[in-house]
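> Below you will find the structure I want to go over with you.
The values are calculated or read from the model by the stated rules, or taken from the named source; none is laboratory data. Bear in mind the structure is a predicted one, so any value in this text is a computation, not a measurement. Every residue, glycine as well, gets a Cβ built from its backbone with ideal geometry; the counts of neighbours run over all protein chains shown. Keep in mind that these areas ignore ligands, DNA and RNA; they rest on the heavy atoms of the full protein, side chains included. Shrake-Rupley method; radii C 1.70, N 1.55, O 1.52, S 1.80 Å.
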Amino acid sequence: MMNYLDQIQRGIDHIEANLEQPISISAVARETGLSQWHFQRIFKGLTGDTVKDYIRSRRLGKALEQLLNSDKKIIDIAMEADFESQESFTRAFKSAFDTTPAEYRKAGKRRPFPQKVKFDQDYLEHISKRMNTVPEIYAQKEMHLVGLRTSFFGTDSEKNNIGEKLPPLWQQFLPRLSEIKNTVGGTCYGIVRQITENSDELEYFCAIEVTTLTDIPDGMLAIEIPACAYAKFTHNGAVGLIDNTINYIYSTWLPRSGRRHSNTADLEFYGAGYNPSSDESVMHYAIPIN
């Protein structure tokens, strides 16, 4: 079975072959055999860039070479790089390289430019910064939960709006915990699910487990999580840094594990050790696997 590294490399190869024409993220994801959300999630974990930023950097890198090694007009280079105009190309070029395309061509000085990424073990070890997190692999029983829902775009999306969507949802949910009957323990859950396969829009629930889905408070929803194997990771420290842990999970552990994401819900665990105002806070993040 093709592993994640091979699949992401296929996406990179598709981008490289199409730098001179419009590239849709959904088309790149199809080349990899992954859903758009999982492709973007894993890609950002590996590279630190969104797919759109990576495509832009590769096009600008190619433009550097063309400015020095060809007689093409700047407007033609801009069009080949899929910019709408020479002006927008010049703005992006100056932002990236602190000089205009015309000035760069006139100076004739070669400089390093973004190269095609090669995903290998050395690269993974570098970006993971010697992390050695080992998850607990466990069988999650079917769960019934009650909570509030929103939709959002994650940090690996160009439409990232986590800060606008998730904290307010928790602020609405926590004061209403006492309204929920038949709760199990004191752990609250963040539930992250993809809405459709060809989109990077996600749905998120703030929820608590219950023994029975009855007497659901007004405005709240019932959520069911099917029985599934999970890999559960511990996150120590500020919850604002959870994306670093998630990037490790998707970029380093998952490609090496021999496991596959089962495309059901990711789970955040907020138990007794969680304290949003403390650097000693402990929470957990789990992904469904098969």
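> List pairs: first residue in the range 62-87 and at positive phi, second residue modelled with pLDDT under 90 and open to solvent by less than 70 Å² (accessible area, probe 1.4 Å) anywhere in the structure, Cβ distance under 7 angstrom, at least six positions apart or on different chains.
If the second residue must be modelled with pLDDT under 90 and open to solvent by less than 70 Å² (accessible area, probe 1.4 Å), the pairs left are ASP82/ARG59.
> Right, another one. Being open to solvent by 30 Å² or more (accessible area, probe 1.4 Å) and under 20 Å from ALA17 (Cβ atoms) is the filter; apply it to the range 76-106 and report the residue that is modelled with the lowest pLDDT.
ASP82
> Separate question: In the range 214-224, which residues are in a loop (DSSP other than H, G, I, E, B) and open to solvent by less than 50 Å² (accessible area, probe 1.4 Å)?
If the condition is that a residue be in a loop (DSSP other than H, G, I, E, B) and open to solvent by less than 50 Å² (accessible area, probe 1.4 Å), then PRO217, MET220 are the ones that fit.
> Scan the range 267-277 residue by residue and report those that are in contact (Cβ under 8 Å) with a residue 24 or more places away in the chain and either out of contact with any helix residue (DSSP H, G or I) (no Cβ under 8 Å at 6 or more places or on another chain) or open to solvent by 20 Å² or more (accessible area, probe 1.4 Å) (or both).
LEU267, PHE269, TYR270, GLY271, ALA272, TYR274, PRO276
> Are any residues in the range 17-75 part of a loop (DSSP other than H, G, I, E, B), of a type outside the set (Gly, Ala, Ser) and open to solvent by less than 40 Å² (accessible area, probe 1.4 Å), and if so, which ones? Give the steps one after another, and end with the answer.
Taking the range 17-75 and keeping what is part of a loop (DSSP other than H, G, I, E, B), we get 18-24, 33-35, 48-50, 70-73.
Still in the running and of a type outside the set (Gly, Ala, Ser): 18-23, 34, 49-50, 71-73.
Within the range 17-75, ASN18, LEU19, ILE23, LEU34, THR50 qualify.
> Something else now. For the range 133-166, enumerate the residues that are modelled with pLDDT under 95 and in a loop (DSSP other than H, G, I, E, B).
THR133, VAL134, PRO135, GLY154, THR155, ASP156, SER157, GLU158, LYS159, ASN160, ASN161
> Mind checking which residues of the range 200-213 are loosely packed, with under 15 Cβ neighbours inside 10 Å and not hydrophobic (A, V, I, L, M, F, W, C)?
Kept after step one, since they are loosely packed, with under 15 Cβ neighbours inside 10 Å, are these residues of the range 200-213: 211-213.
Correct list: THR211, THR212.
> Further question: Which one is farthest from the chain's Cα centre (by Cα) among residues in the range 167-197 that are within 30 Å of GLU31 (Cα to Cα) and surrounded by 15 or more Cβ atoms within 10 Å (Cβ to Cβ)?
Here is the first cut: in the range 167-197, the residues within 30 Å of GLU31 (Cα to Cα) are 191-197.
Applying the additional criterion that residues be surrounded by 15 or more Cβ atoms within 10 Å (Cβ to Cβ) yields 191-194.
On the way: ILE191: 15, VAL192: 12, ARG193: 13, GLN194: 12 Å.
Out of the qualifying residues, it is ILE191.
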